[in-house]
Amino acid sequence: MPTVINTKNEELSTKVIDMLKTCFDPEIPVDIWELGLIYEVNVNENSEVKVLMTLTSPSCPVAESLPAEVEQKIKEVGGVSAAKIELTFDPPWTKEMMSEVAQLELGFM
């Protein structure tokens, strides 16, 4: 599933994506953006950010902490007025959702 970016503020969405690239699943040495864990990034006209994301599995040990960490980091981006993370497992994450960069990093290519 490709990432969908809906934005009313291109500059702010770029800053949010850059921040997402600083968040890592602690079990995998690749950021959550390259892993394909981010399904949607929405930035509205009020600079409110909503992110639809998943985890590598529903039983992921960071299911409680990672979404909260991502939300906190987005709130720290200059210009963001609010941030909300929505967690989904539909569709379930698969290795094919990783970028080529992530697949190379993890030895899948």
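Within the stretch 2-22, being within 13 Å of the chain's Cα centre (by Cα) and either part of a strand (DSSP E or B) or of a type outside the set (S, T, N, Q) (or both) holds for PRO2, VAL4, ILE5, LYS15, VAL16, ILE17, ASP18, MET19, LEU20, LYS21. Counting only residues that are aromatic (Phe, Trp, Tyr) and either part of a strand (DSSP E or B) or over 24 Å from ALA82 (Cβ atoms) (or both), the stretch 23-58 holds 2 of them. Of all residues in the stretch 59-67, none are among the hydrophobic types (A, V, I, L, M, F, W, C), outside any loop (DSSP other than H, G, I, E, B), surrounded by 12 or more Cβ atoms within 10 Å (Cβ to Cβ) and in contact with a strand residue (DSSP E or B) (Cβ under 7 Å, 6 or more places away or on another chain). A single entry from LYS84, LYS73 fulfils the requirement of being part of a helix (DSSP H, G or I) and in contact with a strand residue (DSSP E or B) (Cβ under 9 Å, 6 or more places away or on another chain): LYS73.
Of all residue pairs spaced 6 or more apart or on separate chains, those with beta-carbon atoms under 7 Å, a first member in the stretch 1-21 that is farther than 15 Å from LYS75 by Cβ and at pLDDT below 95 and a second member that is of a type in the set (A, V, I, L, M) and assigned to a helix (DSSP H, G or I) are MET1/MET97. For the stretch 87-103, a residue qualifies if it is part of a loop (DSSP other than H, G, I, E, B) and loosely packed, with under 15 Cβ neighbours inside 10 Å, and the qualifying residues are THR88, PHE89, ASP90, PRO91, PRO92, THR94. The selection criterion, being out of contact with any helix residue (DSSP H, G or I) (no Cβ under 6 Å at 6 or more places or on another chain), of a type outside the set (A, V, I, L, M, F, W, C) and closer than 28 Å to ASN9 by Cα, does not hold for PRO26.
The values are calculated or read from the model by the stated rules, or taken from the named source; none is laboratory data. No experiment lies behind these values; they were computed from the predicted model shown. For neighbour counting, all protein chains shown are included, and Cβ atoms are generated from backbone atoms with ideal geometry for every residue, glycine included.
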